[in-house]
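Okay, structure first, notes after.
The values are calculated or read from the model by the stated rules, or taken from the named source; none is laboratory data. None of these values were measured; they are calculated from a predicted model. Counting neighbours? That spans all protein chains shown, and the Cβs are built from the backbone with ideal geometry, glycine included.
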Amino acid sequence: MTDTTAAPDARAADRYEIRLLVILFLSFGFVFFDRQALSFLAPYMNKDFGLSNAELGTLSGVLALTWALAGMFAGRLSDALGRRKPILIVTVVLFSLFSASSGLMGGFAGLLVARALMGTAEGAVLPMAQSLMVEASRESRRGLNMGLLQGSSAGLLGGILAPLVVVWIAETYDWRVAFYVTIIPGLVMAALIWKFVRERSPRTPATAPQEKAAAVKVPLGEVLKLRNIVVCMLIACCYLTWFVTIITFTPTYLTSVKGFSPGTMSGVMTCLGVAWVLWGFATPAISDRIGRKPALIGFTVLAVCCPLAVVYVESPVLLGAIMVVTYTGLGCFTLFMATIPAETVPRGALATALGVIMGVGELAGGFLGPMVAGWASDQWGLQAAMFIAAGGALVVVALCFALKETAPAVLRRRAAA
């Protein structure tokens, strides 16, 4: 694509915004489809491997570790080079290949390597996708678009389709086949990104070379001096603990502790996916109007209740209904991982900020969180993991009070008042 200094055509920019949203929605959705597959296949893999709770937590944790390191590195590299599209294409291809390789492994060590490689590829996807999306979005749709990309996409493909599809494949064929088929959508999405995604949005005016160079040279230390960035990093640590712990141990809890059949478990987990899709776009859309900070506080209070319901609610129908209402955290992820940072840092530091927040959160909450929860579950029972998840969300509520509001509509109202 050749940049132009002419004012962008509004209708062309709107069309590109929608096209980009669809492509990135599907791309990140399949990232979570692949990431979630292990949790839903764990009951079937136990027949071959006999995984302990600690080993299951380690498999989730190592993916989060490499995801975190890759996200931080890719975000900084992208801002330094001023390029995102090539990085996005390569990582989408690689995570598809590495996800399928999990089906080839014959033991825990092999699965550990496959998951580590998969996280290395997947970690770069979100910083690249969100930085592209924020530039292409109208201000009035910024929160909504970023929520659809990160929250609803992961919920639809990773939360609704994944438990239905991978459990059906495992029941009909074999759990290994369920991993093999994950290679197909990723390769398709890489081709679509190569053909239709632009490095620069039509809404972004071209800059002179010297201005572009200055824009990307934002020291990491300057980014970390911003209060919102530091608070978002801490929130990410606790919220990743909530999310990864729930999604890793709930399928096993429902089948081994509550005695649900695989089909019933799949149905309950699908309710999480429904909530993921619903709140994935509703939460950031609401935050566009009432503000990022009050939206985070209110929806996180609900999120505290979700893992507690897993422990105390016996009816699968009632449990599924409560999960739809209380599994609100994934809508909040878009706010502290993407929208608030995008409204806090300059363009030249955007991918860096997104990568650091996601990376630190994945290291603490995604890597250490499930490992600690797995160890605690082996000591005191799987309910310990659910209490750890609830505690993580409770800490987030307290941290949110330290945020500075960034929603443009709210700031304009305050200035007018």
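The table below lists the values:
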quantity	calculated
Residue check for Arg15: basic (Lys, Arg), surrounded by fewer than 24 Cβ atoms within 10 Å (Cβ to Cβ) and outside any helix (DSSP H, G or I)	no
Index of the failed condition, Tyr44 passing every other in (1) within 21 Å of the chain's Cα centre (by Cα); (2) closer than 21 Å to Ala162 by Cα; (3) touching a residue at least 40 places away in the same chain (Cβ under 8 Å)	(1)
Selected residue (criterion: surrounded by the fewest Cβ atoms within 10 Å (Cβ to Cβ)) from residues of region 222-260 that are part of a helix (DSSP H, G or I) and charged (D, E, K, R)	Arg227
Residue, nearest to the chain's Cα centre (by Cα), within region 154-185, restricted to residues that are farther than 25 Å from Leu330 by Cβ and not in a helix (DSSP H, G or I)	Asp174
Boolean, Met323 is at pLDDT below 90, under 28 Å from Thr252 (Cβ atoms) and either crowded, with 17+ Cβ neighbours inside 10 Å or of a type in the set (Gly, Ala, Ser) (or both)	no
Residue that is farthest from Thr328 (Cα to Cα) [pool: residues in region 132-148 that are small (Gly, Ala, Ser) and buried (at least 24 other Cβ atoms within 10 Å of the Cβ)]	Ala136
Every residue from region 149-195 that is surrounded by fewer than 24 Cβ atoms within 10 Å (Cβ to Cβ), touching a helix residue (DSSP H, G or I) at 6+ places or on another chain (Cβ under 7 Å) and either under 17 Å from Ala275 (Cβ atoms) or of a type in the set (Gly, Ala, Ser) (or both)	Leu156, Ile160, Leu161, Leu164, Ala170, Ala190
Number of the condition not met by Val125 [criteria: (1) modelled with pLDDT under 80; (2) over 28 Å from Asp48 (Cβ atoms)]	(1)
Residues of region 81-115 satisfying the condition of being under 17 Å from the mean Cα position of the chain (by Cα) and free of Cβ contacts under 8 Å to residues at least 60 places away in the same chain	Thr91
Exclusive hit being surrounded by fewer than 24 Cβ atoms within 10 Å (Cβ to Cβ), part of a helix (DSSP H, G or I) and at pLDDT 90 or above, set Leu363, Leu296, Leu335, Leu308	Leu308
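Yes/no per residue for (1) closer than 14 Å to Pro127 by Cα; (2) among the charged types (D, E, K, R); (3) part of a helix (DSSP H, G or I); (4) modelled with pLDDT under 80:
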{"position": "Asp48", "(1), (2), (3), (4)": "no, yes, yes, yes"}
{"position": "Gly57", "(1), (2), (3), (4)": "no, no, yes, yes"}
{"position": "Gly61", "(1), (2), (3), (4)": "no, no, yes, yes"}
{"position": "Thr66", "(1), (2), (3), (4)": "no, no, yes, no"}
{"position": "Ala74", "(1), (2), (3), (4)": "yes, no, yes, no"}
{"position": "Arg83", "(1), (2), (3), (4)": "yes, yes, no, no"}
